[in-house]
Amino acid sequence: MEVGHTMFMRIDHVGIACRDLDEKIRLFSELFELTVVAREVNEEQGVKEAMLHIADGEGGGSYIQLLEPLTEDSPVGKFLAKRGEGVHHVAFGVPDVAEAMDKINEKGVRLLDERPRHGSMGSQIAFLHPKDVGGMLTELVQAARP
Ligand code: MC0
């Protein structure tokens, strides 16, 4: 089978909404032997978060991102109230987030961000409306890493 270029380079991370970040860090660390590589508070996004690395053995890989809301009226706070804990979004790695935003917007998908915002670990991010992507809140990530 031919391997061609795709719009996305990798699944960068899966974001999980949780009520108690420390409790879920313990759960994921113990169950899957994952390690926390970054912890941050992102005021703009209204979250306290931890990134747990899944290594691919070649210096790359992806992450589980655990998200606890800072307030009830933040995106993750509202999600927890409506749907409870669980998968909140899937994030795809792109080489250039602004370029990917334009390309996807041209296909009629609503962007939730007019311009790239600050994401975990120095990344640049933008969200796509879940109603235009089969019910999946989708994030585009231009990682700080190569
Ligand atoms: C809401 N909906 C979702 C959803 N959140 N569907 C799938 N996945 C989700 N996570 C659905 C609702 O069920 C509802 O459908 C409809 O979308 C409107 O939702 P709502 O409850 O009325 O809430 P809104 O409209 O106030 O906000 C939803 C929206 C918002 C997705 C637009 O949460 C947003 O702008 N999110 C992007 C930013 C974000 O999520 N930041 C937190 C992660 P029905 O059928 O009931 O009408 S920050 C992060 O992850 C950063 C730090 C990083 O990765 O680096």
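None of the figures in this text is laboratory data; all of them are computed from the coordinates on show. Please read all numbers here as calculations on a predicted model, not as lab measurements. Neighbour counts are summed over all protein chains in view; Cβ atoms, including those assigned to glycine, are modelled from backbone coordinates with ideal geometry.
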For segment 85-91, Karplus-derived ³J(HN,Hα) couplings (6.51, -1.76, 1.60; θ = phi - 60°; whole Hz; x for glycine and proline) come out as 5, x, 5, 9, 7, 10, 10
Just to confirm a number: summing +1 for Lys and Arg and -1 for Asp and Glu over residues other than Phe127 whose beta-carbon lies under 10 angstrom from that of Phe127, what do you get?
0
Point-to-point label distance, Glu44-Leu111, nm (Cα→Cβ direction, 7 Å offset)
1.4 nm
Expected max-MSF residue from Gly77, Gly15, Gly134 in the GNM of the chain (alpha carbon, under 10 Å) is Gly134
Size of electric dipole in the chain: Cβ of Lys, Arg +1 and of Asp, Glu -1, about Cα centre, debye, nearest 20:
300 debye
Add +1 for every Lys or Arg and -1 for every Asp or Glu among the other residues with Cβ under 11 Å from the Cβ of Ile104, and state the total.
-1
Under 14 Å Cα to Cα from Lys24, which aspartates and glutamates show up? Leave out anything in the same chain fewer than 8 places away.
Glu33, Glu49, Glu68, Glu85
Rg/Rh (Cα only; Kirkwood hydrodynamic radius) as it applies to the chain
0.96
Where does each of His88, His5 land when they are ranked from fewest to most other beta-carbon atoms within 10 angstrom?
His5, His88
When a footprinting reagent is the concern and you count Cβ atoms within 10 Å, what order do Arg19, Arg115 take, fewest first?
Arg115, Arg19
Would you mind ranking Leu31, Leu111 by Cβ crowding within 10 Å, fewest neighbours first?
Leu31, Leu111
Which lysines, on any chain, are close to Lys78 with Cα under 17 Å apart, when same-chain ones fewer than 8 places away are left out?
Lys48, Lys131
